[in-house]
Amino acid sequence: MDKRSEPVDCQAHDAEDDRHEKEADRSPAVEKPYSIYTAGEKWFIVTIAAFAALFSPFTANIYFPAIPTIAAAFHRSIEDINLTVTVYMVVQGVSPMFWGTLADRWGRRPMFLGCMLVLSVVCVGLALTPTSAFWLLMLLRCLQAAGSASTVALGAGVIADIAATHERGLYYGTWNIGPMVGPCIGPVLGGVLAQGLGWRSIFWFLAIASGVCFVTILLLMPETLRAFVGDGSVPPPRLYLPLIPVIGRSRQNVTPQDPSTRPAPRRFNNPFVLFLYPDITLLLLFNGIVYAVFYGVTTSISTLFKTTYPYLTETEIGLCFLAIGGGMLIGGVFTGRLVDKEYKRAKRQMLAAQEKETDPEKRLSPEDVTKEEHFPIERARLRLMPLYLGIFVVICIGYGWALDKKANIAAPLILQFVLGWVTVATMNITQTLVVDLAPGQSASVTACNNLVRCSLGAALVSVIDLILNALGAGWTYVLLAGICVLFSPIMVIMYHYGPRWRARRRARRQAREADRA
């Protein structure tokens with residue numbers, strides 16, 4: 001059998017990642033870098049991916065301030081209009097499983113273009129929906145979610161394509177600002193548009209913004225899927241080229257007709273199989289719990305602040321969302337750098353330990369230290385998680401009681417800022433680690449992450465008002481923080497058992513390879 005025709009498996013990607021980790025310690029003349037893109041080009045690609053990923057939560061939350069107005073226009077109850085939010089979140093969780101799997105097989109660029117095109121066209125339809133056709137509003141909201149939600153999975157896949165393991169934390173932290181800030185700025189802009197220009201202006205704005213994103217990707221964004229372009233030096237098929245190919249000018253001259261220069265094509269992988277891996281499933285569950293609590297905080301800001309501080313106008317309440325958004329913005333960049341430093345620190349410790357090893361048979365070369373079978377990636381990523389989770393729990397409780405006791409408005413706003421910071425920190429760590437654990441399926445595993453967290457977030461949002469009415473703000477957030485504490489042993493389990501689970505998967509892969517050979 002021609003081995004080039006076999007699909008690229010996880011171990012091959014691990015080996016490729018590890019081979020290029022030497023980049024941090026050796027001259028580029030000695031070791032070929034993980035990607036041919038310059039630092040500036042990487043940041044440009046990440047910025048476009050973050051802009052596209054912004055639309056998933058932004059499209060959902062910009063709609064919230066206009067719900068009463070839309071209910072009056074369609075002559076429906078608030079509960080009926082809330083159904084359009086529910087169906088949006090359901091499709092938001094499911095659709096990335098489809099788009100993300102296609103992106104791992106057919107490339108990032110065409111899936112990005114497809115998502116943005118669907119979103120832009122559907123938003124035009126929503127802006128023109130007659131108020132007598134409530135069924136059409138429901139249908140188009142589903143299609144809107146199908147177009148916008150999958151950009152999160154696609155963006156995570158792009159970062160895995162262009163960034164080596166030792167630098168992914170920074171890129172993920174910065175990229176994550178897009179999907180995490182969306183819930184904070186969406187209501188502000190939605191309230192301004194709905195109040196000044198009417199509810200239809202919200203959808204016209206989204207149509208224009210997503211159209212701009214579509215054109216930007218069409219003109220400038222290169223294909224990054226490593227199965228097509230390798231480290232970026234292999235020219236992709238003609239249809240995958242940007243109209244203005246200014247990114248990647250430094251790519252090497254590789255003859256595209258030479259089949260030895262092009263990575264082997266991939267087969268379709270069922271993303272639901274990833275849920276059979278206990279370490280990935282536990283990480284997704286933990287990440288989903290934290291996200292659900294965060295989403296519960298953001299969706300209840302308007303209600304709680306209106307009740308606690310009745311002197312605030314709707315515009316001022318909308319501006320209160322900027323506190324938590326600012327914390328996420330700063331925390332994303334800062335935490336990303338910290339995650340990368342922790343990886344490099346773990347690597348230095350292993351190198352130092354190898355220098356002290358007296359048994360030549362047990363001593364590892366510097367090239368072998370970061371290989372999957374030797375490097376404790378779970379410990380490198382999760383070392384700071386107890387600190388961030390502890391701060392998250394304390395701030396969550398403090399935020400609830402500050403509102404319950406009607407403290408000065410500065411208190412909950414400051415706590416919101418810190419909460420946004422530590423939320424991004426926990427998300428960044430878990431997102432980076434799950435991609436490390438599923439190389440070659442970065443978009444698929446991110447789609448699984450989106451499915452879990454959207455499902456848990458939708459469940460909490462559906463009952464958050466009932467809990468607040470029954471317990472009050474103080475005890476509600478004690479309850480939510482307690483849920484996070486209840487699931488915190490997942491990090492201890494990952495720390496100790498994660499390497500064993502990875503070793504078993506590696507052994508199964510090697511057995512399958514031996515059978516194929």
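Can you pick out the pairs among 341/405; 306/341; 42/344 whose Cα atoms lie more than 31 Å from each other?
Pairs exceeding the cut-off: 341/405; 306/341.
In nm, give the distance between the simple-model label positions of residue 485 and residue 383, each being 7 Å from the Cα along the Cα-to-Cβ direction.
2.7 nm
Dipole magnitude of region 269-516 about its Cα centre, charges +1 at Lys/Arg Cβ and -1 at Asp/Glu Cβ only, in debye to the nearest 20? Write down the numbers at each step before the final one.
Values: 26 positive and 19 negative charges, 102 e Å.
Roughly 480 debye, rounded to the nearest 20.
Using the per-residue mean of other Cβ atoms lying within 10 Å as a proxy for protection, in what order, highest first, do the peptides 98-107, 496-505, 151-160, 315-324 fall?
Details: 98-107: 22.3, 496-505: 16.0, 151-160: 30.1, 315-324: 19.8.
The packing order, highest mean first, is 151-160, 98-107, 315-324, 496-505.
Compute the signed sum of charges (Lys and Arg +1, Asp and Glu -1) over the other residues within less than 12 Å, Cβ to Cβ, of residue 96.
Numbers: positive: 453; negative: 104.
For residues surrounding residue 96, the net value is 0.
Restricting to Cα pairs below 8 Å that are 6+ residues apart, what does the relative contact order work out to for region 35-250? Please round to a whole percent. Numbers along the way, then the final one.
Numbers: 337 pairs, mean separation 79.0, N = 216.
In percent, rounded to a whole number, it is 37.
Quick check: pseudo-label points 7 Å beyond the Cα along Cα→Cβ at residue 493 and residue 218, how many nm apart are they?
4.8 nm
Simple spin-label model, 7 Å along Cα-to-Cβ: residue 514 to residue 311 in nm?
Between residue 514 and residue 311, the label points sit 7.5 nm apart.
Rank 401, 135, 175 by accessible area, highest first, at a 1.4 Å probe radius?
Working: 401 70, 135 170, 175 0 Å².
The residues order as 135, 401, 175, largest area first.
Per residue, how many Å² of accessible area does region 35-250 show with a 1.4 Å probe? Could you put the intermediate results ahead of the total?
On the way: 6980 Å² over 216 residues.
For region 35-250, the solvent-accessible area averages 32 Å² per residue.
What order, most packed first, do the peptides 341-352, 56-67 have when packing is the mean number of other Cβ atoms within 10 Å of each residue? Write out the running numbers ahead of the final one.
Values: 341-352: 16.1, 56-67: 24.1.
Top to bottom by mean Cβ count within 10 Å: 56-67, 341-352.
Quick one: length gained pulling residue 507 to residue 469 fully straight, 0.36 nm per residue minus the C-alpha distance?
Numbers: separation 38, 0.36 × 38 = 13.68 nm, distance 5.23 nm.
Full extension from residue 507 to residue 469 adds 8.5 nm.
The values are calculated or read from the model by the stated rules, or taken from the named source; none is laboratory data. Fair warning: this is a prediction, and the values are worked out from it, not measured in the lab. Please note: Cβ atoms are built from the backbone with ideal geometry, for glycine as well, and neighbour counts cover all protein chains shown. Ligands, DNA and RNA are stripped out before the accessible areas are found, and what is left, the full protein with its side chains, is counted by its heavy atoms. Shrake-Rupley method; radii C 1.70, N 1.55, O 1.52, S 1.80 Å.
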